[in-house]
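Data block below; observations after.
No value in this document is a laboratory result; all are computed from the given coordinates. Being a predicted model, the structure only gives us computed values, none of them experimental. Reconstructed Cβ throughout: ideal geometry from the backbone, glycine too, with neighbour counts over all protein chains shown.
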Amino acid sequence: MLNQATSPRLAAEAVTDSIEVAIAAAGRRGRGAPADLTPVLIRYWHELPHYSAERRRAWLHATRTRLRNGEVTTRALVPHALGDHDEDIVCTAVAEYVATHPVTVERRRAVIDEAVDWIRRGLALNRGAVFAALLCIGDAGINEALGGLRLILTPAETEVVCRRVTGAPLRATREFLGEWLQLLEASESPDAIARRHVAGALAVSAA
């Protein structure tokens, strides 16, 4: 029989294990029609407040290991990308989701469109981190898809994007920031906070 001191710990570990199993099951290879991710996302959101970022990063690490081992498809990354608010977790999951898919032009385009749609429809808990992850890739085609979404970001989301991209000063990223700044400056009702964030990121990236 479990004593009162160990029961909560073992119960928490069991819950964590069940979440990892659910994520893996949703992305398992060779299962026919893709599994519905909605129940997994709901479970992830429900458990999110009860686990540290460190523990949730371990969930992502387990998913990435299964992906490298060929046990799951990239669908297993989606709960991490959409269901978490930690910037590192979301950025890592999104970047790997886009990079790991088959390299056919059509499939890559479909994956990019899907990730951009997460931003457009507000499906991600941390929309700014999804945007930042895509922008940090430095791909002109991805940036073109992101261009129409710049002005729907909240000031907080814009701050996340600008802070994350300063570590990836690729040419396409710098050009995107420059165009964003011009767009803000040309606006009839300029967003001073967004302008400050974008100008700061551009200055750091150009240094």
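Annotations for the structure displayed:
- Subset of the range 171-201 [under 14 Å from V160 (Cα atoms) and in contact (Cβ under 8 Å) with a residue 24 or more places away in the chain]: L177, I193, A194, H197, V198, G200, A201
- With respect to (1) part of a helix (DSSP H, G or I); (2) surrounded by 15 or more Cβ atoms within 10 Å (Cβ to Cβ), the lone exception for D117 is condition (2).
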